[in-house]
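Asks: Before anything else, here's the structure in question.
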Amino acid sequence: MTDTTMVPFYKSFLLGQTVYLDQIQGLPVRDLELLNVDTLAALEEARHRYATLEDKKTDDAGAAYRQIKTAGYFQAAIQIELGKR
């Protein structure tokens with residue numbers, strides 16, 4: 001069993017579940033495509049929010065940065081997995 005405290009996760013609105021990064025390869029294509037849309041939208045939103053913040057050292061900036069990193073990890077993993085199929 002994977003220690004999920006160390007594995008990045010994403011709470012997918014479209015799938016209605018939490019997805020862990022190490023579960024990407026086990027997702028059906030339909031779910032993978034929905035997760036792709038979900039994380040891409042989250043990535044763009046977080047990038048926009050981060051860019052509009054004047055002080056990048058605030059808690060809001062830190063939260064946006066973490067969302068950018070997490071969504072970016074998921075985008076990379078999704079693109080790799082979609083390329084295999």
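Here, each number is a calculation from the coordinates, and none is a lab measurement. Keep in mind the model is a prediction, meaning the values are calculated, not measured. Cβ: placed from backbone, ideal geometry, glycine included. Neighbour counts: every protein chain shown.
Asks: Rounded to whole Hz and in sequence order, give me ³J(HN,Hα) for segment 15-30 from the Karplus expression 6.51 cos²θ - 1.76 cosθ + 1.60, θ = phi - 60°, writing x for Gly and Pro.
Replies: Using θ = phi - 60°, the values come out as 8, x, 7, 8, 10, 9, 4, 7, 9, 3, 5, x, 7, x, 4, 4 Hz.
Asks: LYS56: which lysines have alpha carbons under 30 Å from its alpha carbon, excluding same-chain residues fewer than 8 sequence positions away?
Replies: Output for LYS56: LYS11, LYS69.
Asks: In whole Hz and in residue order, list the ³J(HN,Hα) couplings for segment 69-85 that follow from phi through the Karplus curve 6.51 cos²θ - 1.76 cosθ + 1.60, θ = phi - 60°; x for Gly and Pro.
Replies: Computed from phi, the couplings for segment 69-85 are 4, 5, 4, x, 4, 5, 4, 4, 5, 5, 5, 4, 5, 5, x, 7, 9 Hz.
Asks: What is the percent of Cα-Cα separations in the chain that go past 15 Å?
Replies: Cα-Cα pairs of the chain separated by over 15 Å account for 58 percent.
Asks: Within a Cβ distance under 14 Å of LEU15, other residues only, what is the Lys/Arg minus Asp/Glu net charge?
Replies: Here the charged neighbours net out to -1.
Asks: Residue by residue, what Karplus-based ³J(HN,Hα) values in Hz, rounded to whole numbers, does segment 49-63 have, using 6.51, -1.76 and 1.60 with θ = phi - 60° and x for Gly and Pro?
Replies: Here the 3J(HN,Hα) series is 4, 5, 5, 7, 7, 6, 9, 7, 9, 7, 4, 4, 5, x, 5 Hz.
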